[in-house]
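Undergrad: Have a look at this one before I ask anything.
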Amino acid sequence: MTTGIIFNIQRFSLHDGPGIRTTVFAKGCTLRCIWCHNPEAISPHLETGAHGQVFGQPMTAAEVLLIVEKDRRYYDTSGGGLTLSGGEPLFQFAFARELLSRAKASGLHTALDTAGNVPRGWVAEILPFVDLFLYDIKAHTPDVHRRLTGAPNTRILNNLDYLVEHGAAVRLRCPLIPGINDSVDHLRFIAALSRRFPQLDGIDLMPFHDLAAGKWRAVGRTWQLDEIKSAAPDQQAAWLNVLRAEGCDRARIG
Amino acid sequence: MNEPHPFSVEHAFTEAYRRHQHTHPALREAYCLQAQFPAIFLPIRKDDRFAGRIAYKHIGFSPQPHTGGVGYYCDHAALRAIIEAHPLSASDHRAVEAMLDFWRTEETRAKVRAAMPPTLAEALPSDAWTEEPGVVFPLYRMAGANLDYDRLLHRGIPGLRADVTAVRAAATPDSAAFYDALLIALNTLERSALYLAEQADKGGFARIAASLRAIAVYAPETLHQAIQLVYLYTMHATLQCNFGRMDMYLGDFLQHDLETGRTTREEALDDLIGFWRIMPSFEANLERVKFDLRVIIGGRGRRNPENADAFALLALEASDRVRGIVPQLSLRCYTGMNPDVYTRALDLIGSGATFPILYNDDVNIPAVMRAFDIDEAAAEQYVPFGCGEYVIDHRSFGTPNAIINLPKGLEITLRGGVDSITGARMGLSGGSLPDFSTFDDLLAAYQRQVEYFTDAAGEFQALEYRVAGQEAAFLYFSLLYDDCLERGMPMFSGGVRHLGGTYETYGNITAADSLTAIRRWVYEERTIAPEMLLTALDADFEGYAQVREQLLNAPKFGNDDETADAMAVWVLEQVCGVTRAQREKTALDSFLVVVINNSAHILLGKLTAASADGRRAGEPLTNGHTATNGMEKNGVTALLNSMVKLDPTIHAGATHNLKFARSVFTQHRPALEALLQTYFSCGGTQAMITTVNRDDLIAAIEHPEHYAHLIVRVGGFSARFIDLPPETQREIIQRMLWE
């Protein structure tokens, strides 16, 4: 059985898909977003933090499911289920496939929180086991995307096309960092995606918060956004206004 | 002092008692109550909608004087403080001294203590549970009466008098004295109504006066008269009261008033708000009284569910409008209940009110059937009183008259029966931790310790009832408790149908988690030697940070962890088992554990050494069936899954505190409703939910002047956050907040 490196399992998760969910966070990522709020997820390996704490725990899919199953009754009444997140949860592809396929086979609702910067073959292969994709949109051009995340968004958008064309339920999740990627152009880009894919499940704007700074230090990485503050409510309202002006009124603050 | 004659009421009361000292105790009580009423009524206040506020004098009769005690009481400390601050004339002084001297042995509390046989006194050496370390302490009170208000309202004062007179005709001499005393008590009640009516007239309270005159002569016909009679009667019975299934007994009055156009819903709401505002402790914040004042709404087994639900909605609205720390509005939920009532209740909780407390009939009724050994119809009449103890409405009595500190029980078991704070011997010796070669040996020693103390608690409970019954008839209870009238016997002298008792256990989870850690590190992994554990605990972990770290890392209750939860189940079953066994060993019909909390888990924690769960000396014990603060790390579903493993059929109530961020109610309401629904369907019995923003709590410490409205649940009661002592405030902020 494949072993995954898991860095957190969060029960009673209300923010990663419908209903009451258990969100499983897997280590490893194909991007290097400067605002990353789970820096302990970037490396796929076990890490020891600055205060001696260990990030990551090897677990088999069966072991993870034992924990996930404990709250099945809560999923049943709330329409919830399992969310696999990261990092990039497809980074440990074999593990992700095993976990999601077993979960699906046992009747759990499955969500996958992915940035989509992975080979097309993986996306195609995982599709049957995922009830809902939570799909990250981070920047509007390949260059800006590369500057902010270390990779262009070409493959990400192609994979999005593929998923929508193949009937996947997709919800866009758009982290917005004041002064970094909340330009009008980026917001217009999100609105354009909304127009192009009316069948999307929804669009969540994820306002930046600066709670991750301490975690960056804990894993010995340098936090570059000291100057950026959490997005104020009026700023969030302004984003929604831009989107509405572009004909996208289904975006929500997530 | 404003009284023309210093302590005239106290003197009159004492005189009445002396004169009838050797009369039948029921009659003596009746005569004494004549000296107490109407003397202890307070003036009607400007905005009051009902009359009958009282303040106990320093000497008097009450089932539960809030200065502590039972029956005839004398507040020696307060009286002495007053005469020292305001010197009296020599003769007045002598008179007061003589009174103090008289009551020293005559007050019921002293008689209970004096009646303890030496073996019992050895097990329960101290009454000072807030000041001295100990395992079990006695409590002196007859708490938690839930009177038959239906009977009161249907019969009224004249009807009750007719009922007593009818049974009096064929009574034995002993019963005759009891009945005569009841008739005197009814006369006293009527006299109070007329006295207050006169006061109301003088103060220009025409409506109050009219209702009081009406209830002196007839059974009440309107909601206003009904509330007035309920309040007036209750204040005669006890200040520290509980109001039972109010929606049932007032619902028909509300409906009738509305149907006949006698009142509008708005007026009825104003009356109910007026009722809430004259609840004792509503403003005065009387420390002990706020633990009671339950009002129960909802639930199966109501004869008039539609009218009752209409009243329940009004009660929710009244609580919403006043946002007080009392009454402790409690909603019994059940499958098929009126969804409006449930929705309104969650709205209220979500808006930051600490009420209603939610109870789950689907689980509780079968649980009460087993715990009390009664049929379903009787179990449907369960009511939580005080901090959450169940009794059967006007059929059973179950005052909690002993408390046990379970971690202290474990603490002395580890040390051969010696208290590690004072070095005093308490409980059984039987070896210390290094002597127990297996974990099972330790468990066996702990079991013996708990059983020894619980036997003492059961014996005490029965003894306190016996002495209370010898001393008084508790007339206003007996009149509205099933069977007393028919049997011709007062409450505690054979009258009440089901004489139970309850036993407050504290720190259950602290004890369980400690045992789990000891098993793991001392007996299984053997990474901590028994001697080292004791040294580390005695040192409060100073110099033993690593030992503490290991202890903290052992499995903890509240995480849906099989090992830790199984130990919590064992600890509960063990203490419930030896408690329940008291019905074989004593005259009690039942003796049941309650896992409630008021602030005792904090006070007892102060007197408890460091424990093997990693808790430092003096820190609070766990609270009800809740995890140790900060130790529930797997989310609220895991906590709830742990909670429902604890068997509800072996005790008489447990509290479950849950604290949510306001946003869970405002932004995730469907998920929240699903969470509660699942918890209840999986066996959850009860939920005390608080919604807060942590930032508000922190800001309230810094700027109390801006946060007078912030009400939080401490456990068994609600409190204004800013009124709480700093350690309690800290404890509340540390409690896990689910978001």
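Undergrad: So the check is Cβ under 6 Å with 6+ separation or different chains; which pairs have a first residue in the range A:8-26 that's part of a loop (DSSP other than H, G, I, E, B) and a second one that's among the polar types (S, T, N, Q)?
TA: A:Asp16/A:Thr23; A:Asp16/A:Thr83; A:Gly17/A:Thr83; A:Gly19/A:Ser78; A:Ile20/A:Ser78
Undergrad: A further question on this structure: Mind checking which residues of the range B:372-389 are in a strand (DSSP E or B) and touching a helix residue (DSSP H, G or I) at 6+ places or on another chain (Cβ under 6 Å)? Give the derivation first.
TA: Step one: filter the range B:372-389 for residues in a strand (DSSP E or B), giving B:382-385, B:389.
B:Tyr382, the sole residue that qualifies.
Undergrad: Pull up the range B:676-700, narrow it to residues that are among the small types (Gly, Ala, Ser) and outside any helix (DSSP H, G or I), then point me to the one that is farthest from B:His651 (Cα to Cα). Before the answer, list the steps.
TA: Residues of the range B:676-700 that are among the small types (Gly, Ala, Ser), as a first pass: B:681, B:683-684, B:687, B:699-700.
Still in the running and outside any helix (DSSP H, G or I): B:683-684, B:687.
Numbers: B:Gly683: 14, B:Gly684: 14, B:Ala687: 16 Å.
Looking at the filtered set, the residue picked out is B:Ala687.
Undergrad: Can you list the helices (runs of 4 or more DSSP H) lying wholly within the range A:68-132 that have 1 or more residues being under 21 Å from B:Ala638 (Cβ atoms)? Talk me through it step by step, then tell me what you get.
TA: Working: elements: A:72-78, A:93-105, A:120-126.
Fully inside the range A:68-132 and qualifying: A:72-78, A:93-105.
Undergrad: How about the range B:587-612: which of its residues are under 29 Å from B:Val496 (Cα atoms) and surrounded by fewer than 20 Cβ atoms within 10 Å (Cβ to Cβ)?
TA: Initial filter on the range B:587-612 (under 29 Å from B:Val496 (Cα atoms)): B:587-598.
Once the filter is applied, which keeps residues that are under 29 Å from B:Val496 (Cα atoms) and surrounded by fewer than 20 Cβ atoms within 10 Å (Cβ to Cβ), the range B:587-612 yields B:Ala587, B:Asp589.
Undergrad: Are any residues in the range B:599-633 in contact with a His (Cβ under 8 Å, 6 or more places away or on another chain), among the hydroxyl-bearing types (Ser, Thr, Tyr) and closer than 18 Å to B:Leu410 by Cβ, and if so, which ones?
TA: As a first pass, look at the range B:599-633 and keep what is in contact with a His (Cβ under 8 Å, 6 or more places away or on another chain): B:620-626.
After this cut, where a residue has to be among the hydroxyl-bearing types (Ser, Thr, Tyr) as well, the list is B:622, B:626.
Once the filter is applied, which keeps residues that are in contact with a His (Cβ under 8 Å, 6 or more places away or on another chain), among the hydroxyl-bearing types (Ser, Thr, Tyr) and closer than 18 Å to B:Leu410 by Cβ, the range B:599-633 yields only B:Thr622.
Undergrad: Would you tally the residues in the range A:9-18 being more than 7 Å from chain B (Cβ to nearest Cβ) and more than 14 Å from the chain's Cα centre (by Cα)?
TA: Narrowing the range A:9-18 to residues more than 7 Å from chain B (Cβ to nearest Cβ): A:9, A:13, A:15-18.
In the following step, the residues that additionally are more than 14 Å from the chain's Cα centre (by Cα) were identified as A:9, A:18.
Going through the range A:9-18 one residue at a time, the tally reaches 2.
Undergrad: Let me ask another. What number of residues within the range A:34-45 satisfy the criterion of being assigned to a loop (DSSP other than H, G, I, E, B) and in contact with a Lys or Arg (Cβ under 8 Å, 6 or more places away or on another chain)? Steps first, please.
TA: To start, the set of residues in the range A:34-45 that are assigned to a loop (DSSP other than H, G, I, E, B) comprises A:34-38, A:42-45.
Subsequent filtering for residues that are in contact with a Lys or Arg (Cβ under 8 Å, 6 or more places away or on another chain) retains A:37-38, A:42-45.
So the answer is 6.
Undergrad: Moving to a separate point now. Of the residues that sit in the range A:214-246 and are among the aliphatic types (A, V, I, L, M) and not in a helix (DSSP H, G or I), which one is surrounded by the most Cβ atoms within 10 Å (Cβ to Cβ)?
TA: Of the range A:214-246, the ones among the aliphatic types (A, V, I, L, M) are A:218-219, A:225, A:228, A:231-232, A:237-238, A:240, A:242-243, A:245.
In the following step, the residues that additionally are not in a helix (DSSP H, G or I) were identified as A:219, A:225, A:228, A:231-232.
Working: A:Val219: 18, A:Leu225: 18, A:Ile228: 18, A:Ala231: 22, A:Ala232: 11.
By that ranking, first place goes to A:Ala231.
Undergrad: Given the options B:Gly469, B:Gly495, name the one that is assigned to a loop (DSSP other than H, G, I, E, B) and either in contact with a Cys (Cβ under 6 Å, 6 or more places away or on another chain) or at pLDDT 95 or above (or both). So that I can check it myself, show each step before the final result.
TA: Working: B:Gly469 fails: assigned to a loop (DSSP other than H, G, I, E, B).
One residue alone meets the criteria, B:Gly495.
Yes/no per residue for (1) closer than 28 Å to B:Cys682 by Cα; (2) within 14 Å of another protein chain (Cβ to nearest Cβ):
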{"position": "A:Ile20", "(1), (2)": "yes, yes"}
{"position": "A:Cys29", "(1), (2)": "no, no"}
{"position": "A:Cys33", "(1), (2)": "no, no"}
{"position": "A:Pro39", "(1), (2)": "no, no"}
{"position": "A:Glu47", "(1), (2)": "no, no"}
{"position": "A:Gly52", "(1), (2)": "no, yes"}
{"position": "A:Pro58", "(1), (2)": "no, no"}
{"position": "A:Leu66", "(1), (2)": "yes, yes"}
{"position": "A:Leu82", "(1), (2)": "yes, yes"}
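Okay, residues lined up against (1) within 14 Å of another protein chain (Cβ to nearest Cβ); (2) under 22 Å from A:Tyr75 (Cβ atoms); (3) buried (at least 21 other Cβ atoms within 10 Å of the Cβ):
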{"residue": "B:Lys633", "(1), (2), (3)": "yes, yes, no"}
{"residue": "B:Gly653", "(1), (2), (3)": "no, no, yes"}
{"residue": "B:His656", "(1), (2), (3)": "no, yes, yes"}
{"residue": "B:Gln677", "(1), (2), (3)": "yes, yes, no"}
{"residue": "B:Met688", "(1), (2), (3)": "no, no, yes"}
{"residue": "B:Asp696", "(1), (2), (3)": "no, no, no"}
{"residue": "B:Glu702", "(1), (2), (3)": "no, no, no"}
{"residue": "B:Leu710", "(1), (2), (3)": "no, no, no"}
{"residue": "B:Leu737", "(1), (2), (3)": "yes, no, no"}
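Undergrad: Here is a further query. Test of understanding: among A:Asp76, A:Asp71, which residue is within 14 Å of another protein chain (Cβ to nearest Cβ) and touching a strand residue (DSSP E or B) at 6+ places or on another chain (Cβ under 9 Å)? Explain how you work it out, then say what you get.
TA: Numbers: A:Asp76 fails: touching a strand residue (DSSP E or B) at 6+ places or on another chain (Cβ under 9 Å).
Testing whether each residue is within 14 Å of another protein chain (Cβ to nearest Cβ) and touching a strand residue (DSSP E or B) at 6+ places or on another chain (Cβ under 9 Å) leaves just A:Asp71.
Per-residue answers, yes or no, for (1) touching a helix residue (DSSP H, G or I) at 6+ places or on another chain (Cβ under 8 Å); (2) of a type in the set (D, E, K, R); (3) buried (at least 17 other Cβ atoms within 10 Å of the Cβ); (4) closer than 24 Å to B:Leu293 by Cβ:
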| site | (1), (2), (3), (4) |
| --- | --- |
| B:Asp148 | no, yes, yes, yes |
| B:His154 | no, no, no, yes |
| B:Ala171 | yes, no, no, no |
| B:Leu212 | yes, no, yes, yes |
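The values are calculated or read from the model by the stated rules, or taken from the named source; none is laboratory data. Since the model is a prediction, treat every value here as computed from it, not as a measurement. Using ideal geometry, Cβ is built from the backbone for each residue, glycine included, and neighbour counts are taken over all protein chains shown.
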